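Everything below concerns the one structure shown next.
The values are calculated or read from the model by the stated rules, or taken from the named source; none is laboratory data. Not measured: the values here are computed from a predicted model. Because the Cβ atoms are built from the backbone with ideal geometry, glycine has one as well, and the counts that use them run over all protein chains shown. SASA here: full protein model, heavy atoms, side chains in, ligands and nucleic acids out. Shrake-Rupley method; radii C 1.70, N 1.55, O 1.52, S 1.80 Å.
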Amino acid sequence: MSKIRVAIAEDHELVRKGIINLLSDEEDIEIVFDASNGKELIDQLETTPVDIVILDLEMPVMSGREALPIVNERISNVRVIILSMYYTDDFVVERIGCGARGYLPKNCDIEQLINAIQAVHDQGYYFDDKVSTSLFMQLLQRKDFNPTFTNESLSPREIDIVKLICEGKTNKEIANDLYLSVRTVEVHRKNIGKKTNSTNTAGIVIYAIKNGLYKV
């Protein structure tokens, strides 16, 4: 299986090198290059193919905000994940409108970053569970936001669980509502994730909204 080719644009060298070191341990990820600003990123992307870009928004010379629309206009087959300290719904929507495929807070852990890289590569998007359902609704109304899901059908029980997940209920609460064990709910959630090609709760909620299983 070919590796996911990743580039990192971050002006703080310590942060950039730290991310590189952590991701270098992943067998299915290859760090192709790193850049300290948006101009360096674009210059290298024009000659070096990558699949995913991890992009900081605040950088000198050319910021991530300036670089994002240029990357999406000039460079084909590249998907951008924003890594930023700014994390409000309006801010996320604005960046998605400029072409970002994922958005993570800078205090996320490495496992979440790895999940995001894999999800954006395989599904075309990634959002964590802190992103609100109202934001998903805004995104799904955009013509340029088209997440990819598998076509495997959910069972009636799985649909019941999906609806309760969308309401923000925990596994224990879902188990109580449906008279199931928590373990059974956990198994159902795992199967739902596989069937919908979703890596987390956010993906399940997007799937449910897009397919008319849940309305806000």
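Under 8 Å for C-alpha pairs, at least 6 residues apart: give me the relative contact order for the chain, rounded to a whole percent.
Result for the chain is 15 percent.
Please give me the summed charge of the neighbours of Tyr126: other residues whose Cβ is under 10 Å from its Cβ, Lys and Arg +1, Asp and Glu -1.
On the way: positive: Arg79, Arg101; negative: Asp122, Asp128.
Net charge around Tyr126: 0.
Would you mind calculating the gained length between Asp90 and Lys215 on full extension (0.36 nm times residue separation, minus the Cα-Cα distance), in nm to one decimal? Let's see the in-between values first.
Values: separation 125, 0.36 × 125 = 45.00 nm, distance 2.04 nm.
Gain in length upon complete extension: 43.0 nm.
When the Karplus curve 6.51 cos²θ - 1.76 cosθ + 1.60 is applied with θ = phi - 60°, which whole-Hz ³J(HN,Hα) does each residue of the range 90-102 get, with x for Gly and Pro?
4, 5, 5, 4, 4, 5, 4, x, 8, x, 5, 9, x
Per residue, how many Å² of accessible area does the chain show with a 1.4 Å probe?
Per residue, the chain has 51 Å² of solvent-accessible surface.
Report the convex hull volume per residue for the chain, counting only C-alpha atoms, in Å³.
Normalising the Cα hull of the chain by residue number yields 126 Å³.
If each of Phe149 and Asp28 carries a label point 7 Å out from its Cα toward its Cβ, how far apart are those two points in nm?
Result: 2.1 nm between the two label points.
Under a straight-distance cross-link criterion of Cα-Cα below 13 Å, which aspartates and glutamates are reachable from Lys190, leaving out those fewer than 8 residues away in the same chain?
Glu158
Quick check on my link table: of Lys163/Lys194; Lys106/Lys169; Lys106/Lys210; Lys169/Lys210; Lys17/Lys194, which ones sit more than 23 Å apart, alpha carbon to alpha carbon? Display every interim value, and only then the final one.
Working: Lys163/Lys194 17 Å; Lys106/Lys169 27 Å; Lys106/Lys210 28 Å; Lys169/Lys210 20 Å; Lys17/Lys194 33 Å.
From Lys163/Lys194; Lys106/Lys169; Lys106/Lys210; Lys169/Lys210; Lys17/Lys194, over 23 Å: Lys106/Lys169; Lys106/Lys210; Lys17/Lys194.
Where both residues lie in the chain, what percent of DSSP beta bridges are antiparallel, nearest 5? Display every interim value, and only then the final one.
Values: 0 of 21 bridges.
Counting DSSP beta bridges with both partners in the chain, the antiparallel share is about 0 percent.
Given the peptides 47-54, 173-180, arrange them by the average over their residues of other C-beta atoms within 10 Å, most packed first. Walk me through the numbers on the way to the answer.
On the way: 47-54: 18.1, 173-180: 15.4.
My ranking of the peptides, most packed first, is 47-54, 173-180.
Please say if the range 119-169 is rounded, prolate or oblate, where rounded means a/c under 1.5 for a ≥ b ≥ c the square roots of the C-alpha gyration tensor eigenvalues, and otherwise the choice is prolate for a/b larger than b/c and oblate otherwise? Walk me through the numbers before you get to the answer.
On the way: a/c = 1.85, a/b = 1.27, b/c = 1.46.
It comes out oblate by the Cα gyration axes.
At R0 = 35 Å, how high is the FRET efficiency between Lys3 and Val182 if r is their beta carbon distance? Nearest 0.05 is fine. Intermediate results must be reported in sequence, preceding the final value.
Numbers: r = 37 Å, r/R0 = 1.06.
Using R0 = 35 Å, I get an efficiency of 0.40.
Using R₀ = 41 Å, calculate the FRET efficiency as 1/(1 + (r/R₀)^6) where r is the Cβ-Cβ separation of Lys106 and Thr133; round to 0.05. List each step's numbers first, then the result.
On the way: r = 23 Å, r/R0 = 0.57.
According to the calculation, E is roughly 0.95.
How large a share of the accessible area of the chain, in percent, is made up of carbon and sulfur atoms when the probe is 1.4 Å and the other protein chains stay in place? Don't skip to the answer; put the middle values down first.
Numbers: 5150 of 10990 Å².
Summing carbon and sulfur atoms, their accessible area is 47 percent of the total for the chain.
So how much slack lies between Ser76 and Asn191, counting 0.36 nm per residue of separation and subtracting their Cα-Cα distance, in nm?
Result for the pair: 38.1 nm of gain on full extension.
Net charge within 12 Å of Arg74 by Cβ-Cβ distance, Lys/Arg positive one each and Asp/Glu negative one each, not counting Arg74 itself? Mind showing how you got there, number by number?
Numbers: positive: none; negative: Asp43, Glu46, Glu73.
That sum, taken over residues with Cβ under 12 Å, equals -3.
Once a ≥ b ≥ c are taken as the square roots of the eigenvalues of the Cα gyration tensor of the range 66-150, is the result rounded (a/c under 1.5), prolate (a/b larger than b/c) or oblate (a/b not larger than b/c)?
Working: a/c = 1.18, a/b = 1.10, b/c = 1.07.
Note, shape of the range 66-150 comes out rounded.
Can you tell me how the range 161-203 classifies by the Cα gyration tensor, rounded, prolate or oblate, using a/c under 1.5 as the rounded cut? Mind dumping the intermediate values first?
Working: a/c = 2.47, a/b = 1.48, b/c = 1.67.
It comes out oblate by the Cα gyration axes.
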